[in-house]
Amino acid sequence: MRGGLALSLTAVVLAAASGARAEEPPDAGPSKSSVAARAQRQTPDAGATLAADEFELSTTVSGARQHVPEQRASSTVRRTELQHRQPRSAPDALRYEPGVFVQQTAHAQASAFVRGLTGQQTVLVFDGLRLNTSTYRQGPNQYFFTLDAATIASVEVLRGGGSTWFGSDALGGVVATQPVEPPDASEGPLLRPTFTFRGASADGELGGRFQLEAALGRSSFLGGVGARRVGLLQSSGPVTSPADGSVPDVPRFDDDGRTQLGTGFNELTGDARFRVRVADGHSLTAALYAYRQFDAPRTDQCPPPGARSDECLTYTEQFRTLAYAAWDGAFESGVQARAAVSWQRQHERRENARPASFVLGTGRDVVDTFGATLRVQPRTFTPRPWLGLTVRTGVDTWVDLVDSRAWLTFDDIGVTQERSRGQYLAGSSSVTGGAWVDLEAAFSERWTARSGARVAWAAVQAPADPESGSAAVAQRWFPLAGHVGLEWRALRPVSLVVNLDRSFRAPNLDDLSSRQQTGAGFQFENPRLEPETATTLEAGARVRTAAVTADAWLFQTWLAGAVGKQPREVADCPPQTPACNASWNRFQLVNAPGVADVRGVEAALKLRLPWRLGVRATASWTWGEGPNLVARPADPSAPWTERVPLSRIPPFNGTAELTWQHPAGLGAAAALRWATLQDRLAVADFSDARIPAGGTPGYAVVDMRVWAHLSRHILAVLVLENLFDTPWRAHGSSVNGPGRGVIVSLSVSP
């Protein structure tokens, strides 16, 4: 199969090269200035057309790629695409990106799998600031959902290891979000309010946002407040098992067989961004972003499989607050720099109600993260007319302080008892960071070599809790990360790239000290875990012309010391942990004794056609396998293999879009999202109620979109989702996708 894929890739590249050869002018040889430009160039993104950019409504969008290295496999979602697609959340905005698969544990939670990895094995970045904390759990988490899509200008996805630039956790990839910027103060005084109203029929969503932009002198401001109320999500009906046609225990349905219990939530958002130009080329930014989510059930635990319908685990409070100050400078010498200090608070409160037992369990976790980062890029140095050298360097560090508490309330006697520990150990702390350098050498117009390295530090501390049998944790590591890459510009529109990357993830407080209910069962801590590392080899081809943008990538990742779930018996449960004893399955995280493999193929194509038509298509295939963490059974006839599939690897999936846009501001699109059956299941997947018996069935979902930019002051969007009312579920999700419905949005800027 590898040989066939390589031949197919070669054929695509040769065909594109032959088609573009006629457009290539004679090569007159490189000049000093052209080499410098080559070393600093930014890869163009053909995702947004001129018509779309002309009618951007009341937002200032930075078009430069600021966070993701351009030589790597990556893609970008721009503001116009967010406006026209009307995603329900920030993760939902990534459904059309190659190599990305979005899983939903709840209607108010979604996690992006990048090259088969997610959660604590990917990094989330906002305006260059790390969002990951030391409590990100193994597997999907809900935290990217806490970014308000209305404040996002673009989302860049780096696929593959990225620890050189972004530190710990960047094994599968990086999701880097760029915020909407205040208006340009140099254009003169400005005061512009914008009102946005939005509704959706599938979940009864009603919401809106008020935004204000202002500029005067050297200062500018952008701020807004938003709110929405989301009800129970109506699907197209159950997704049945491909093995026996049975209906999975998750989710539970109302009597109509379409409305999913354990869905719905309420949301408040607020943001303020102030920028002042202190001198030519220098600016200061102060920003505050607040997200407040209330009463969001965890669908797979509301109710849990086999439990009464009134049992429910609800995130009553899911809050995130981010405040930071940043300085951006561009000196006459050509040096560019950015320094930032930040504070982030992640606040989470959960209630687990079991009325039949007259018991209410409550947990509250608060993580305060203090960060500082500095990035510097000098002017490109050209010691020879044919050589351009660019150096980028930086240092960053992030400190987490954790408070965690838990209570048990007995409703029948009105007594509340505080537990000796929460999901984490109160007083825990974590430090992660590093110093890095990146070098790019451009040789003539054809060759570019890149390399970089990071010296990192990570330390985790947690106190002991004798009453619950929790051991103290005091671990520190000094991992190394690095990468090398080579790009050959075979023809002006065609580039061939090969990269080798080594990234790492240091165990965090969730690995070393947490106790929690997961989809597969109850999971408890392992304070003896060691870092996991990923070595990724990737090869890609790119085509960039006025009419065609194409990418194709092959990758192979070797995961050493990969952290996975190992089954445990009731006798292994920690003391004073009734949830562990009562669970159907129990797991402990361990480092795999061998090497796990993740490999795949990704392809993306964008075409500009006559009559203002455009076509966009993606396809991604990922395969994962690792050592079997279940001990070999004593009975030699019992089924057992040394290597097994990795958990929740996405199926073969892709997208296709046909768009039409008119210069007057009218546009329409038809979009297809599809996935095939995923029946390669890990050991933990068989006990996960979110995955039907025999695997998750494939699907094909069609959406239609129409939009109208009525001058620069009004934007109206209508989305017809799931046009054919197809039952579907993303692999590993607790929630089925929306059934046939409409989403409407109206933005007015008087």
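Observations, loosely collected:
- Counting only protein heavy atoms and a 1.4 Å probe, the stretch 281-352 has 39 square angstrom of accessible area per residue.
- Close amide-amide hydrogen proximity is noted between Phe504 and Ser163, Asp169, Ala170, Ala534, each under 5 Å apart and 5 or more residues distant or on a separate chain (H modeled in the peptide plane; Pro and chain starts excluded).
- Local electrostatic count, Glu530, Cβ distance below 13 Å [Lys/Arg +1, Asp/Glu -1]: +1
- Karplus-derived HN-Hα couplings along the stretch 225-236 (A = 6.51, B = -1.76, C = 1.60, θ = phi - 60°), whole Hz, x at Gly and Pro: 9, x, 7, 7, 10, 10, x, 5, 8, 9, 9, 8
- Of all accessible heavy-atom area on the stretch 240-363, the percent that carbon and sulfur account for (1.4 Å): 54 percent
- Total formal charge among the other residues, if their Cβ is under 12 angstrom from that of Leu117, Lys/Arg +1 and Asp/Glu -1: +2
- Ordered by solvent-accessible area of protein heavy atoms (1.4 Å probe), largest first, the residues His282, His713 come out as His713, His282.
- Radius 13 Å from Cβ of Tyr289, net charge of other residues (Lys, Arg +1; Asp, Glu -1): +1
- Given +1 at the Cβ of Lys and Arg, -1 at the Cβ of Asp and Glu and no other charges, the dipole of the chain around its Cα centre is 1660 debye to the nearest 20.
- The fraction of accessible area contributed by carbon and sulfur in the stretch 406-455 is 61 percent, rounded to a whole number (1.4 Å probe; ligands and nucleic acids excluded).
- Mean Cβ count within 10 Å, highest first, over the residues of peptides 624-636, 212-224, 174-186: 174-186, 212-224, 624-636
- Helix content alone sets the calculated 222 nm mean residue ellipticity of the chain: runs of n ≥ 4 DSSP H residues at -39500 (n - 2.57) each, divided across all residues, give -2000 deg cm²/dmol.
- Remark: relative contact order (the stretch 613-724) = 23 percent; criterion is Cα-Cα distance under 8 angstrom and separation of 6 or more residues.
- Over the chain, all Cα pairs binned in 10 Å intervals from 0 give whole-percent P(r) values of 3, 14, 24, 28, 20, 8, 2, 0, 0, listed from short to long.
- For Val563, the amide hydrogen comes within under 5 Å of the amide hydrogens of Ala592, counting only partners 5 or more places away or on other chains and with H modelled in the peptide plane.
- Amide hydrogen proximity for Ser470: with H placed 1.01 Å from N in the peptide plane, the residues at 5 or more positions away or on another chain lying under 5 Å are Asp465.
- For the stretch 380-395, the Karplus equation 6.51 cos²θ - 1.76 cosθ + 1.60, evaluated at θ = phi - 60°, returns couplings of 4, 9, 10, x, 9, x, 9, 10, x, 10, 10, 10, 10, 8, x, 9 Hz by residue, with Gly and Pro reported as x.
- A simple packing score, the average count of other Cβ atoms within 10 Å per residue, orders the peptides 379-385, 285-291, 324-330 as 285-291, 324-330, 379-385, with the highest score first.
- Helix 2-21 axis, angle to the chain major axis (alpha carbon atoms, nearest 10°): 30 degrees
- The phi-based Karplus calculation (6.51 cos²θ - 1.76 cosθ + 1.60; θ = phi - 60°) puts the 3J(HN,Hα) values of the stretch 528-539 at 10, 5, 10, x, 9, 10, 10, 10, 10, 10, 9, 9 Hz, whole numbers, x for Gly and Pro.
- Ranking Leu374, Leu360, Val341 by Cα position along the charge dipole of the stretch 341-386, where only Lys, Arg, Asp and Glu carry charges on their C-beta atoms, puts Leu374 farthest toward the positive end.
The values are calculated or read from the model by the stated rules, or taken from the named source; none is laboratory data. What you see is a predicted model; the values in this text were computed from it and never measured. Don't worry about glycine lacking a Cβ; one is built from the backbone with ideal geometry, like all the others, and counts go over all protein chains shown. Remember, those area values only see protein heavy atoms, side chains included, never the ligands or the DNA or RNA. Shrake-Rupley method; radii C 1.70, N 1.55, O 1.52, S 1.80 Å.
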